[in-house]
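First comes the structure, then the notes that go with it.
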Amino acid sequence: METPLSTSGNVPPKPGIRPPLSLSGMDFKLLRVFQAVVEAGGFSAAQNELNVGLAAISKQISDLEIRIGMRLCTRGREGFHLTEEGKLVYQATIELFASVDTFRDRISSAQNELIGDLSIGVIDNTMPDKSSPLIASLRTMHDEAPKVRLRLHASQLDDIERGVVEGRLSVGIVPVYQRREEFDYFELYEELSHAYCALGHPLFDVAERDLDIDSLRHYQVINHRYAIHRDKASFVNYDSQSASASQVEAVAILILTGRFIGFLPEHYARNLVRDGQLRALRPDLIHLSTPFNLILRQSAPRSPLVKAFAQALGVDLKRVV
């Protein structure tokens, strides 16, 4: 005896095999919540981003797990961790929303209107640099395309590069110490850095005329893990490293102990020098210049939003460096 299902033209799913997922508007909402939780690093950390309580977030993630039939994450005393299935769903979610954004960008472009999310990754502690065109470009984007939602993320270099590669970030504005083949690079500006010591360091009160580059080699220097400058070896002895840091502010804190020499961007150190806490060591001779570039994923389509932002930065996307 045939059943209505067997004669309807649909093949019944095999035991243990779920039918293809049909996405609804609610699924998109749950996936947005899941993405926010992953990128925040947990349920509690995502509350501000989502503007909902912990219980609501937990229920939405549970609803998503039930909906797609997978355990996506573990949460509890040991912290938040993605399962292997969760990692797969997270990457698929990024690709899904990137496709949705591309669709929306094309439709908006046809309507001669920019709309959607523009996610920008920038290195932290670069705001005081007057050479940076970022603030002016964001002002331009807001004034000329008010329906664009600007998502600004301040982070470390490797986080920004990974975000651009994975598609979580539309663009990145980063210092370039060495080029990677995954990116296209576009010149923006140069950041100037000097060597500094702090009050309490033996060199702090030495007269400028008595300071020579060779004298710096007798003192301990901070290893900047985020900044690879070959020229630094001309000024300091890197065999004397007993401290390291991965961010500008961490370098400044170590310098302020009065026990180390370290390199800082001039714009960052300016107020500390003015307040008498730091001193630049022979800035006439010791200075480093770091190029800052706009980075885009190599060969990725340039959306109307990315093109508009590049134009606001004064970047010609046809001139890859």
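With a Förster radius of 51 Å, plug the Cβ-Cβ distance of D212 and F103 into 1/(1 + (r/R0)^6) and report the FRET value to the nearest 0.05.
Here the calculated transfer efficiency is 0.25.
What is the distance, in nm, between label points placed 7 Å from the Cα along the Cα-to-Cβ direction at N51 and at S24?
Using points 7 Å along Cα→Cβ, the separation is 2.5 nm.
May I ask for the net charge around H153, where only other residues with Cβ less than 14 Å from the Cβ of H153 are counted and Lys, Arg are +1 while Asp, Glu are -1?
Once positives and negatives cancel, what remains is -4.
Show me 192-198, 202-208, 311-317 ranked by packing, highest mean number of other Cβ atoms within 10 Å first.
192-198, 311-317, 202-208
Taking 0.36 nm per intervening residue step and subtracting the Cα-Cα distance, what contour gain separates D275 from E39 on full extension?
Answer, rounded to one decimal: 81.2 nm.
Per residue of the chain, what 222 nm ellipticity follows from adding -39500 (n - 2.57) for every DSSP H run with n ≥ 4, rounded to the nearest 500?
After summing the helix terms and dividing by residue count, I get -11000 deg cm²/dmol.
Quick one, could you list the DSSP H helices from the chain stretching 24 Å or more along their long axis (Cα atoms) with average Kyte-Doolittle hydropathy of -0.5 or above?
84-110
Throughout, read-outs are computed from the coordinates displayed, never taken from laboratory work. None of the values given here were measured: they were computed from a predicted structure. Ideal geometry is used to build each Cβ from the backbone, glycine not excepted, and the neighbour counts take in all protein chains shown.
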